[in-house]
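Just below is one structure, and these are the notes that go with it.
The values are calculated or read from the model by the stated rules, or taken from the named source; none is laboratory data. These figures come from a predicted structure and were not determined experimentally. Note that we place each Cβ from the backbone using ideal geometry, even for glycine, and neighbour counts take in every protein chain shown.
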Amino acid sequence: MTTRGALRDGTKRFGIALAWLAGFVAVAAGVVALLAWVLPVGPGSWWLARGGAIEVAGCGVATWVVGRRLNRRTWAELGWLGAQRIPSAWLRGVGLGACAAALAIALAAAGGARLAVTPPGAEASVGPIAVGLLLAALSEELVFRGYPLRRLAEAIGPRLAILLLAGGFAAAHLGNPDVTPLAMLNIALAGLWLSLAFFSPGGMASAWGLHFGWNATLGALFGAPVSGYTLAARALHYTPGGPLWLGGGRFGPEGGVVGTIALVAGTVAVLGTRATAPERWVTP
């Protein structure tokens with residue numbers, strides 16, 4: 001095949017993949033809109049859990065309808081590698097995400113951020129927030145990993161697909177409070193981290209666990225802003241300190257170099273023994 005023919009074939013495959021993804025988005029958006037209209041807004045701190053549940057339902061239905069039934073991808077191809085492997089992969093992901101977030105907090109504290117114990121009863125119940133974080137992490141993984149990442153990877157190769165969806169993941173956070181260019185770079189780096197987890201032996205469970213572990217440790221344990229948002233329930237109270245470029249300011253550690261270091265370290269940890277062999281970074 002000539003270079004022109006190969007380019008034309010690649011463009012066609014990319015266009016077909018985009019059409020499938022448009023169908024995925026349409027189904028997900030329709031289900032989300034319907035559920036948001038039908039379901040009442042929950043009281044107080046349950047708003048995050050309500051939104052997460054609606055988004056998971058929408059993305060889950062889209063994955064089933066478009067990914068499984070219409071495009072006939074197996075659960076393994078979509079990253080769900082067997083019920084017996086999911087709990088352990090998810091827990092390992094949570095642990096690694098928590099360690100990476102703790103590293104970011106430790107670096108931020110060394111750079112001038114302060115931590116104080118939150119007085120008992122001063123914050124909302126942690127239960128609704130934990131459920132909300134769990135569901136929010138899953139919904140974002142279903143959108144930016146899962147079927148969309150697999151389908152794009154089949155069309156243009158996993159490395160380019162990872163880069164495109166990491167950029168999309170960052171773009172989805174452009175409207176967050178106090179966002180900066182470095183924050184966008186770090187969110188894209190987080191997308192790369194999570195995508196490599198998706199293509200690791202742990203699959204979607206690993207990526208979901210990483211995402212939840214990172215957010216819950218930053219926001220619910222240490223009380224730091226998560227992508228610009230401060231949670232109502234947190235064990236500690238975090239006060240940013242040091243220069244904006246280092247600690248991220250009000251956007252949280254994800255907006256500073258401390259976040260960059262932690263995310264790079266987390267990525268290396270996900271790769272493990274594969275870190276020195278780039279050809280093995282993405283598993284089938």
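Filtered by the rule that a residue be surrounded by fewer than 20 Cβ atoms within 10 Å (Cβ to Cβ) and under 19 Å from E154 (Cα atoms), region 44-72 gives W64, V65, R68, R69, L70, N71, R72.
When L192, L182, L263 are screened for being more than 25 Å from R151 (Cα to Cα), of a type in the set (A, V, I, L, M, F, W, C), modelled with pLDDT of 95 or more and in contact with a Ser or Thr (Cβ under 8 Å, 6 or more places away or on another chain), only L182 passes. Among the residues of region 85-99, those that are over 13 Å from G203 (Cα atoms) and not aliphatic (A, V, I, L, M) comprise G95, G97, C99. T276 fulfils the conditions (1) polar (S, T, N, Q); (2) free of Cβ contacts under 8 Å to residues at least 12 places away in the same chain; (3) on the phi > 0 side of the Ramachandran plot except for a single criterion, (3). Does at least one position in region 156-164 carry a residue that is under 21 Å from N71 (Cα atoms), basic (K, R) and out of contact with any Lys or Arg (no Cβ under 7 Å at 6 or more places or on another chain)? Checked region 156-164: no residue is under 21 Å from N71 (Cα atoms), basic (K, R) and out of contact with any Lys or Arg (no Cβ under 7 Å at 6 or more places or on another chain). Of all the residues in region 175-185, those that are assigned to a loop (DSSP other than H, G, I, E, B) and surrounded by fewer than 16 Cβ atoms within 10 Å (Cβ to Cβ) number 2.
Among residues that are under 20 Å from G112 (Cα atoms), in a helix (DSSP H, G or I) and of a type in the set (F, W, Y), W208 is not included.
Looking only at region 46-74, filter to residues that are assigned to a helix (DSSP H, G or I) and of a type in the set (D, E, K, R); which one of those is farthest from A137 (Cα to Cα)? Looking at residues that are assigned to a helix (DSSP H, G or I) and of a type in the set (D, E, K, R), I get R69.
The set of residues in region 111-135 that are touching a Gly at 6+ places or on another chain (Cβ under 9 Å), modelled with pLDDT of 85 or more, more than 17 Å from P225 (Cβ to Cβ) and of a type outside the set (V, I, T) comprises L134, L135.
When region 261-284 is examined, which residues are found to be assigned to a loop (DSSP other than H, G, I, E, B) and surrounded by 11 or more Cβ atoms within 10 Å (Cβ to Cβ)?
Just the residues of region 261-284 that are assigned to a loop (DSSP other than H, G, I, E, B), to begin with: 277, 281-284.
Listed by number, the residues that qualify are W281, V282, T283.
Table: residues versus (1) among the hydroxyl-bearing types (S, T, Y); (2) in contact (Cβ under 8 Å) with a residue 40 or more places away in the chain; (3) under 12 Å from L96 (Cβ atoms).
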residue	(1), (2), (3)
G203	no, yes, no
A232	no, yes, no
V268	no, no, yes
L271	no, yes, yes
